[in-house]
Every structure is written in C-alpha cells, then in structure tokens.
Amino acid sequence: MALLMLAMTSVKAQDDAMMKAWEAYMTPGDVHKMIAKSDGKWNADVTMWMKPGDPPQKSKGVCEDMMILGGRYQQTNFKGTMMGKPFEGMGLLGYDNAKKTFISTWVDNMGTGIMVMEGTWDEATKTINFKGKGVDPATGKDMDMREVYKLVDDKTQIMEMYCTAEGKEMKTMEIKFTRQ
C-alpha cells in the first residue's frame, strides 16, 4: 500500500509540474509587451537589390501591426508595390516562452511558400537577429536567409533581409518603417 501511495504522490507531482510548465508556456510576458509596443500603422520605404551591382529598386508601402490571440502573437498586414506590381503580405511574430526565441513567419502574393525564421534579442542594439529558410524560386530549393530587425525608437524600425545563394550572402532588402 505504501508503494501505491508513493506512486500516486509521484504522479500528482508530475501533473503539477506539467501544469506549471504549460501555464508558463502560454502566458504572455515582458517580451510580448515589448512586441506590442509596435502595434499601429506604419509607412514603409522599401529598397530592394535583385543581384550584386544592380541599382536598387525603391517602392513604398503601408503596414499595420496588431497583437492577436490574447497578446501572444503580433500579426502584420502589409500592402504596397514591389517590382512595379501590387504587393500584399502577412506575417506573424511571436516569442516562444519555452524555447526562449522569437519566431517569425511570412507569406505574400509573390510566392506560394512560407518563410519561417527564429531569432534572438540583442539588448545592446535593440535588434532581433533572425535566421531561417526561404525558397529560391529558380531552383525550388531552400536557401538560407537572415533578417535583422532593429527597433530604433518608438517611431522608427529598420528591417534588413539577406539571402545566401551559391555560398554568398547578399543584402536583398531594407525597409525603413515610420509610424503614421
């Protein structure tokens, strides 16, 4: 009987620990509050480089950021032009409390894939440094991508995107966001 009681106590302790872990995992924290500070409407000045040495292409857009699902994720809706065509995109930004990492996804009307990136926070530079994969439409294969997202101040953010093809990293995009 003592052995059964010991086993039941151990199961209850495991259940309590699991509930505590889930509670911590699902509860938005200070990082989520930091993300929420970017909620609102933004103007976007976009600069793109198609290949090294080519002059950059410039365009404009607007986006709106809003926290969803109880403050756990920030949804971004972007509209503008890209390469002379109408452009729409949507992203999700979150912070995974268990993994202690930022997660970013992106979809748009210029492709049919989903870009997924994970990143870490650099307090000294107020920057999220993401790494992930995107599809190279010419080959159909994944390529390494890197994004640097800098929170300059409450009214300015800068996103830089880099792609690695054939072993060489190239800056492909920079967007300067200014709060409306």
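The values are calculated or read from the model by the stated rules, or taken from the named source; none is laboratory data. Values in this document were obtained by computation on a predicted structure and should not be read as measured data. Reconstructed Cβ throughout: ideal geometry from the backbone, glycine too, with neighbour counts over all protein chains shown.
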Seminar exercise, completed: Flagged pairs (Cβ under 7 angstrom, 6 or more apart or on separate chains; first in region 73-93, closer than 21 Å to residue 31 by Cβ; second crowded, with 17+ Cβ neighbours inside 10 Å and aromatic (Phe, Trp, Tyr)) are 91/106; 92/73; 93/73; 93/102
Problem set entry | Identity of the residue in region 15-68, β-branched (Val, Ile, Thr) and part of a helix (DSSP H, G or I), that ends up farthest from residue 138 (Cα to Cα) | 31
Problem set entry | Verdict on residue 88 being at pLDDT 95 or above and either within 18 Å of residue 41 (Cα to Cα) or aliphatic (A, V, I, L, M) (or both) | yes
Seminar exercise, completed: Filter region 47-70 for residues that are charged (D, E, K, R) and under 22 Å from residue 166 (Cβ atoms); the one that is nearest to the chain's Cα centre (by Cα) is 51
Problem set entry | Failed condition for residue 88, given (1) more than 16 Å from residue 34 (Cα to Cα); (2) within 10 Å of the chain's Cα centre (by Cα); (3) surrounded by fewer than 17 Cβ atoms within 10 Å (Cβ to Cβ); (4) not β-branched (Val, Ile, Thr) | (2)
For this session: Considering (1) surrounded by 13 or more Cβ atoms within 10 Å (Cβ to Cβ); (2) in contact (Cβ under 8 Å) with a residue 40 or more places away in the chain, say which one residue 64 fails and leave the rest.
Result: (2)
Seminar exercise, completed: Subset of region 106-150, residues hydroxyl-bearing (Ser, Thr, Tyr) and within 26 Å of residue 86 (Cα to Cα), comes to 112, 139, 149
Exercise. Just a yes or no: is a residue in region 161-176 surrounded by fewer than 17 Cβ atoms within 10 Å (Cβ to Cβ) and over 21 Å from residue 49 (Cα atoms)?
Worked result: no
Exercise. If only one of 36, 44 is at pLDDT 90 or above, under 15 Å from the mean Cα position of the chain (by Cα) and of a type outside the set (Phe, Trp, Tyr), which one is it?
Worked result: 36
Exercise. Within region 154-165, can one find any residue that is touching a residue at least 60 places away in the same chain (Cβ under 8 Å), in a strand (DSSP E or B) and either out of contact with any strand residue (DSSP E or B) (no Cβ under 9 Å at 6 or more places or on another chain) or polar (S, T, N, Q) (or both)?
Worked result: yes
